[in-house]
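Q: First the structure, which I've put down as C-alpha cells, then a few questions once you've had a look.
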Amino acid sequence: MSKYDVAIIGGGILGTSISYWISSLYDVNLCVIEKESNVAMHASSRNTAVVHSPFYLNPKTKKVLAKSALISYEMWEKLAKKTNVPWNKTGVLEIAINEGQHDTLEEYMDWGIKNGIPSQDLELLDAKQVAQIEPNVKCHSAIYSKREVSTDYGAFTNEIKKESNALGTNFIFQKNVKQIKKNQNNSIIIFDDDSNITADFVINCAGGNSLDIAQMLGLATEYSDLHFRGEYWVADPQYSDLVKTTIYTVAEFKGYPFLDPHWIKKANGQA
Ligand SMILES: Cc1cc2nc3c(=O)[nH]c(=O)nc-3n(C[C@H](O)[C@H](O)[C@H](O)COP(=O)(O)OP(=O)(O)OC[C@H]3O[C@@H](n4cnc5c(N)ncnc54)[C@H](O)[C@@H]3O)c2cc1C
C-alpha cells in the first residue's frame, strides 16, 4: 500500500494547480488521483475558455474571488507566454437589450472599478458605439471589457501538470475513488478495483463529484447536488467572423452570470 503525506482527489485544473503550489512550497510526498487517463478531461477542458475580468462580481460578497481573478490573470498570461497555450485578447461585450438590463451594466461598471479593473479596460458604450466595434450587434448598450482572453484551459492544466510532475507530484490515473476510511492519523482511500493508498491529508478537488467525496468522509450530509448540462454549438465557418468579440447578454439571474446564451470567439478562431 502506497503512503502519501497529501492526496488530492481530482486532476482538473483545480487539483492540478493545488498540487503544483503545494509541491513548490513544501517538501512533501504528494499525489493527484484521477479516474480518467489524463488531467483536465472534464469541465477543465470542456468549458468556454474565457479568462474573465471580475466586473460581474459584487465586491461586497465576492471580494476574494474578484481579487483572485485579477491576480491570476497575470499569472495565466505569463504561463501562456512561456508555453504554447493560446492567449487571444478578444475582449468581451456584455450587452443590455433594454433599460432594465442597462441598470445592471451601470452597477457592473461600479463593481468592476471597485474590484480593481483598470478603468481604461472597462467602458460603457451606447448602441452606436457598440455598432462601431461590432456592426452585426444590435443592442441598447454594452460594457466593453477589453482585457478578456480566449484560451485553452485544458492545455494550461497539462502545462501545470508537467511543472508539478517535475517538482515530484505523482499523478495516479485511472483510479476511481469509491470509499474513504478515516483512521485517527490518516485516511485510506479505496479505489473501485479494490486497491488503495493512505494519506495524512486528503484534498477534495473532484469537481462535480466533490459532494460525493465529502460525503464519503461523513461531511456535508445535509446537502444534495443538481447536475445539469449546457450545449455548445459550433457556427459554420462562413459565420465565424460575424463578430470579433466574445458576447454575453446580461444574465436573467445575477448570481449565475454565464448561463444565458453567449457567442464565443474561441482561441482557435471558431465561433
Ligand atoms: C459549461 C462551462 C463553461 C465554463 N466556462 C468557463 C470560462 O469560460 N472561464 C472560466 O474561468 N471558467 C469556466 N467554467 C468553470 C471552470 O471550467 C471550472 O471552474 C473548472 O474547470 C473546475 O475545475 P475542477 O478541477 O474543480 O473540476 P473538473 O475539471 O471537473 O475536475 C474534477 C476532476 O475530478 C475527477 N474525479 C471526480 N470524481 C473522482 C473520483 N471519485 N475519483 C477520481 N477522480 C475523480 C474528474 O474525473 C475530473 O477530472 C465553465 C464551466 C462550465 C461547466
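Here, each number is a calculation from the coordinates, and none is a lab measurement. None of these values were measured; they are calculated from a predicted model. Every residue, glycine as well, gets a Cβ built from its backbone with ideal geometry; the counts of neighbours run over all protein chains shown.
Q: Considering the chain as a Gaussian network with a 10 Å cut-off on Cα pairs, which listed residue, Gln120, Gln184, Gln174, attains the greatest mean-square fluctuation?
A: Gln184
Q: Okay, next question. Given Ala43, Met75, Gly116, which one lies farthest toward the positive end of the charge dipole of the chain, if we put +1 on the Cβ of every Lys and Arg and -1 on the Cβ of every Asp and Glu?
A: Sorting the options by dipole projection puts first Met75.
Q: If R0 is 30 Å, what FRET efficiency do you get for Lys146 and Glu36 from their C-beta distance, rounded to 0.05? Intermediate values should be presented prior to the final figure.
A: On the way: r = 36 Å, r/R0 = 1.20.
Step by step, r from the Cβ atoms, then E = 0.25.
Q: Region 113-271: D in µm²/s via Stokes-Einstein (Kirkwood Rh, Cα pairs, 10 °C, 1.306 mPa s)?
A: Values: Rh = 20.5 Å.
Taking Rh from Cα pairs, D becomes 77 µm²/s.
Q: Moving on. Provide the FRET efficiency to the nearest 0.05 for the Asp5-Lys178 pair, computing r from the beta carbons and using R0 = 25 Å.
A: Working: r = 22 Å, r/R0 = 0.90.
Calculated value: 0.65.
Q: Between Ile133 and Lys254, what's the calculated FRET efficiency when r is the beta-carbon distance and R0 is 22 Å? Round to 0.05. Present the calculation step by step, with values, prior to reporting the outcome.
A: Numbers: r = 25 Å, r/R0 = 1.13.
With R0 = 22 Å, the Cβ-Cβ based efficiency is 0.35.
Q: Determine which residues of region 19-54 fall in the zone a paramagnetic label at Arg229 would reach in this model, i.e. backbone nitrogen under 15 Å from the point 7 Å along Cα→Cβ.
A: 42-43, 46-47
Q: Can you compute the modelled spin-label distance between Gln270 and Leu219, with each label point 7 Å from Cα toward Cβ, in nm?
A: A separation of 3.6 nm, rounded to one decimal place.
Q: Full extension from Tyr239 to Asn84: what is 0.36 nm times the residue separation minus their Cα-Cα distance, to one decimal in nm?
A: Numbers: separation 155, 0.36 × 155 = 55.80 nm, distance 2.69 nm.
Taking Tyr239 through Asn84 to full extension adds about 53.1 nm, to one decimal.
Q: Ok, one more. May I ask you to list the residues of region 243-271 whose amide nitrogen lies under 17 Å from a point 7 Å from Cα along the Cα→beta-carbon direction of Asp121?
A: Under cut-off, by backbone N: 246.
Q: What number results when the radius of gyration of the chain, computed over Cα atoms, is divided by 2.2 N^0.38 Å?
A: Numbers: Rg = 21.1 Å, N = 271, 2.2 N^0.38 = 18.5 Å.
So the Cα radius of gyration is 1.14 times the expected 2.2 N^0.38 Å.
Q: I've got another one for you. Using a basic spin-label model with each label point 7 Å from the Cα along Cα→Cβ, how many nm lie between Glu74 and Lys162?
A: Rounded to a tenth, the inter-label distance reads 2.5 nm.
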